[in-house]
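Each value in this text was obtained by applying a stated rule to the coordinates, not by laboratory testing. Predicted, not measured: the structure shown is a model, and the values here were computed from it. Because the Cβ atoms are built from the backbone with ideal geometry, glycine has one as well, and the counts that use them run over all protein chains shown.
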Amino acid sequence: MKRGFFPVCALVLSFSFLYSPGNSQVDDTWKASPEAVAKLSRSQPDFNYYEEKIPAYTLPDLLVTSSGRKVTTANEWMKVRRPEILELFRENIFGRAPETPYTKSFKIVNEDKNAMNGAATLKQVDITIESEGKSLVIHLIMFVPNRVKKPVPAFLLIDNRGPENTDPTRNLKSEFWPAEEVIARGYAISVFSNSDVDPDDFDDFRNGIHGLLDRGVRKPDAWGSLAAWAWGASRCMDYFETDKDINNKKVAVVGHSRGGKTALWAGAEDQRFSLVIGNESGAGGAALARRRFGETVAKLNSGFPHWFCANYKKFAGNEDSMPVDMHMLLALTAPRALYIDCASDDLWGDPRGCYLALYNALPVFQLFNKSSMVPRIMPPLNKQVFSGHTGFHIRDGVHNMLLQDWKCFMDFADTVWK
Ligand code: GTR
């Protein structure tokens with residue numbers, strides 16, 4: 001049986017005071033099941049699942065510039081430190097999108113004003129990208145609620161799981177993209193497939209948007225597939241800016257797992273996204289790399305050599321030399337809203353490491369809004385926490401994105417977007 005969710009938005013403040021090290025209530029926090037830890041440690045002996053075996057580490061300082069100046073204002077963050085950190089992520093982790101000129105065009109190829117029994121309008125939009133006579137099409141699918149004042153806020157899913165989850169006919173329905181439920185809440189919901197932008201396999205960057213826009217010899221900081229998919233999300237945003245039904249000041253970018261890593265990077269690169277949601281984004285997403293818990297930088301590079309830039313390989317087994325860690329990626333969302341969530345069975349994705357990254361990113365959010373916070377101690381299972389522009393939950397169960405998760409995203413969006 002599924003346990004219920006308890007939003008504790010209003011309680012967040014008292015939460016953070018209740019929990020402090022040594023406080024007896026410290027037990028009311030999520031802990032990985034010892035059985036699961038023991039089992040995974042046996043089946044994957046090369047990876048660490050024990051908190052006590054995490055090496056001592058020091059996170060790079062978010063608020064000290066490369067020239068050693070302490071950042072104390074929102075303005076200094078936006079003008080100096082944010083651009084520095086963004087560059088470090090381009091250079092070392094996700095890679096840099098090329099500046100090759102291209103043209104884009106939008107075409108509504110299907111529209112049904114009576115979708116979902118009249119509750120929504122379906123629009124299918126082809127976003128065509130062309131360069132030097134070659135082209136590629138991103139197939140954007142969107143439902144816009146009918147009985148709601150326009151323009152409406154929208155969710156955009158970067159789909160990494162295939163069309164059976166995102167069926168525009170709604171013959172197939174999936175919790176991964178619960179379109180009916182989002183429409184019922186008065187929001188638009190949209191999706192594109194990452195594979196439209198770039199195939200999710202190592203093809204030496206010959207196909208997809210790499211094949212279209214990359215020129216010359218590939219550089220060590222050239223973009224990988226995650227950055228390419230994030231770029232695709234921005235092209236959907238370009239379309240939203242032309243669609244009068246969509247409130248383009250209130251668009252959330254959402255992704256699961258590799259899509260979650262992508263959503264975090266999309267939100268970092270493109271400040272038009274007002275809400276960024278990283279669901280079970282794990283290593284290379286929200287999880288602090290220096291913890292080396294579950295999936296590691298080395299494993300990401302060997303398992304998915306096309307996801308990141310070539311420079312990222314330098315940090316395999318060498319996490320302490322990274323000029324960044326993932327709290328800095330999360331901080332790049334500020335002052336916009338950020339939601340991180342995890343699943344209890346997904347130890348490979350290091351839920352605690354994701355939470356710690358969020359917690360350590362708070363000083364940047366608080367430069368803009370003191371009410372952005374999450375408790376010092378990671379909340380227990382199925383207890384959503386949010387305040388200001390930061391939120392979190394850990395759901396019980398498997399690595400997936402479910403309706404329970406979407407309900408939490410929408411509850412958070414309700415308060416952020418008012
Ligand atoms: C795993 C990978 C994770 C995560 C996941 C997914 O195999 O190790 O980093 O991205 O795939 O996307 O489902």
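How long is the gain from Asp112 to Asn207 if the chain were fully straight, where each residue apart is worth 0.36 nm and the alpha carbon distance is subtracted?
Contour length minus the Cα-Cα distance gives 30.9 nm.
Within a Cβ distance under 10 Å of Val148, other residues only, what is the Lys/Arg minus Asp/Glu net charge?
Residues near Val148 contribute +3 overall.
Antiparallel as a % of all DSSP beta bridges within the chain, to the nearest 5?
Within the chain, antiparallel bridges account for around 50 percent of the total.
Could you tell me which chymotrypsin sites (Phe, Trp or Tyr not before Pro) in the range 33-101 are loop residues by DSSP with no more than 13 other beta carbons within 10 angstrom of their beta carbon?
Here the chymotrypsin sites (Phe, Trp or Tyr not before Pro) that fit, given the DSSP loop and packing criteria, are Tyr50, Tyr57.
Could the peptides 240-246, 155-161, 351-357 be put in order, highest first, of the mean number of other beta-carbon atoms found within 10 Å of their residues?
Order by mean packing, descending: 351-357, 155-161, 240-246.
Using alpha-carbon positions, what is the distance between the centroids of the range 246-309 and the range 60-95, in Å?
The range 246-309 and the range 60-95 have Cα centres spaced 19 Å from each other.
Given all pairs of different Cα atoms, what value in angstroms does the Kirkwood hydrodynamic radius of the chain take?
21.7
How about the range 66-170: which GluC sites (Glu not before Pro) there are in a DSSP loop, with at most 12 other Cβ atoms within 10 Å of their Cβ?
Glu99, Glu132
By how many nm would the segment from Thr65 to Lys313 lengthen if fully extended, with 0.36 nm per residue of separation less the alpha-carbon distance?
Length gained, Thr65 through Lys313: 86.8 nm.
Averaging sequence separations of C-alpha pairs under 8 Å and six or more residues apart, then dividing by the length of the chain, give the relative contact order as a whole percent.
Normalised by residue count, the contact order of the chain is 19 percent.
Which entries in the list Lys70/Lys261; Lys149/Lys249; Lys261/Lys407; Lys150/Lys370 go over 24 Å, if you measure between the two C-alpha atoms of each?
Distance filter (> 24 Å) returns Lys70/Lys261; Lys150/Lys370.
In whole Å, how far is the Cα centre of the range 145-182 from that of the range 43-57?
Answer, in whole Å: 38.
Calculate, for Glu181 and Val217, the FRET efficiency according to 1/(1 + (r/R0)^6) with r their C-beta to C-beta distance and R0 51 Å; round to the nearest 0.05.
With R0 = 51 Å, the Cβ-Cβ based efficiency is 0.60.
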